[in-house]
Amino acid sequence: MQGPRKISQIRSKELKMKVFISTTTFAKYSKEPLSILKKHGLDYGMNPYGRKLKEAEIGDILKENSYAGLIAGTEPLTGKVLKAAGSLKAISRVGVGLDNIDLEAAKKQNIKVRNTPSVLIDSVAELTIGLILCCLRRITSADRNIRRNVWKKEMGLLLKGKTLGIIGFGGIGKRVAQMAKVFGLKVLFHDIKRLKLKAYEQVSLDRLLEESDIISIHSSTKDLLISKKEISKMKRGAVLINTSRGTAVDEQDLYKALKTGKISVAAMDVFNNEPYSGKLRELENVVLTPHVGSYAMEARIMMEIEAVKNLIKDLKTVPRAGNER
């Protein structure tokens, strides 16, 4: 009976590693991710602010504490932060995007970086389809009217027969296309890579903008993709959906296009600055959600578990105190 306990205690002492968890809702829906950390003898600290950490805050936490691992959210992990984090050996991002991490700095500091791309595919794709339906059938507008004691039946549009243009055809883009086909949409896609797919037609960005009734962005780049120039090429009354990166859309140009009706309605789950407090909130013909692409409970739990397992894999390769050979 004493044998296993002694072995466990020895392993815990040998590891002598701490992990910081920066995401605000980590383990809220399941304690399994924390149980896995404990099982592997890892101590952990959690975000004390209950919100996205600022650069100075995450910098101070990693600098002043001997954290070997970081389970990261979207806080700015700049070169300055990583350089000062002398004990940090591995970062495991809960999510897909790595644009908040200075990957070159991480490489120079020999900090391993991983993310959880596959877990989010269904979650983001389902949100995208939900937002498209909200936009075409004016669901949120109808809800707001009733709350204002206004009984107004707004005329919407069918999904069936529309052309959906998908910018970025990775895992999420492909899943959105599969779901769209079920609704009877024609699917065009644009991607920087040439893809050989029989089910969907790959086109230039210009053609996609010109022919699509609905445009949905699923690119992983930080580049600006939709601004005044691109909007001018869209059909009048087009619908725009962005569940990818806030940097993909010029919010001021989108605001103007929504005001004039060039874009009839839009849905935004991501923004240049979050929490978002900009002018789009003034408009009725835009659906705004607070970056909830990953916030399907099952997906969130799986993502956190995968992030923990990724971190443990990388920390296993780090030399442990008291275990020199």
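Tell me yes or no: at least one residue of region 155-167 is among the small types (Gly, Ala, Ser) and touching a residue at least 60 places away in the same chain (Cβ under 8 Å).
Quick first cut of region 155-167, residues among the small types (Gly, Ala, Ser) only: 156, 161, 165.
Now narrow it down to the ones that are touching a residue at least 60 places away in the same chain (Cβ under 8 Å): none.
No: zero hits.
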Looking for whichever is more than 17 Å from residue 218 (Cβ to Cβ) and buried (at least 17 other Cβ atoms within 10 Å of the Cβ) here; the options are 175, 148, 138, 144. Which one fits?
-> 138
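Identify, from the list 22, 12, the residue that is surrounded by 14 or more Cβ atoms within 10 Å (Cβ to Cβ) and at pLDDT 95 or above.
Only one candidate qualifies: 22.
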Among the residues of region 206-220, the number that are within 23 Å of the chain's Cα centre (by Cα) and farther than 17 Å from residue 185 by Cβ is 2
For region 75-191, which helices (runs of 4 or more DSSP H) that fit wholly inside it have 2 or more residues that are under 26 Å from residue 296 (Cα atoms), among the charged types (D, E, K, R) and assigned by TED's automatic domain parsing to the domain that holds residue 271?
-> 121-137, 139-147, 171-182
Looking only at region 114-133, and only at residues there that are touching a residue at least 24 places away in the same chain (Cβ under 8 Å) and surrounded by fewer than 18 Cβ atoms within 10 Å (Cβ to Cβ), the one that is farthest from the chain's Cα centre (by Cα) | 133
Check off (1) under 26 Å from residue 172 (Cβ atoms); (2) at pLDDT below 95; (3) touching a helix residue (DSSP H, G or I) at 6+ places or on another chain (Cβ under 8 Å) for residue 97 and give me the number that stays unchecked.
-> (3)
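The values are calculated or read from the model by the stated rules, or taken from the named source; none is laboratory data. Just so we're clear, the structure is a prediction, and the values are computed from it rather than from any experiment. Ideal geometry is used to build each Cβ from the backbone, glycine not excepted, and the neighbour counts take in all protein chains shown.
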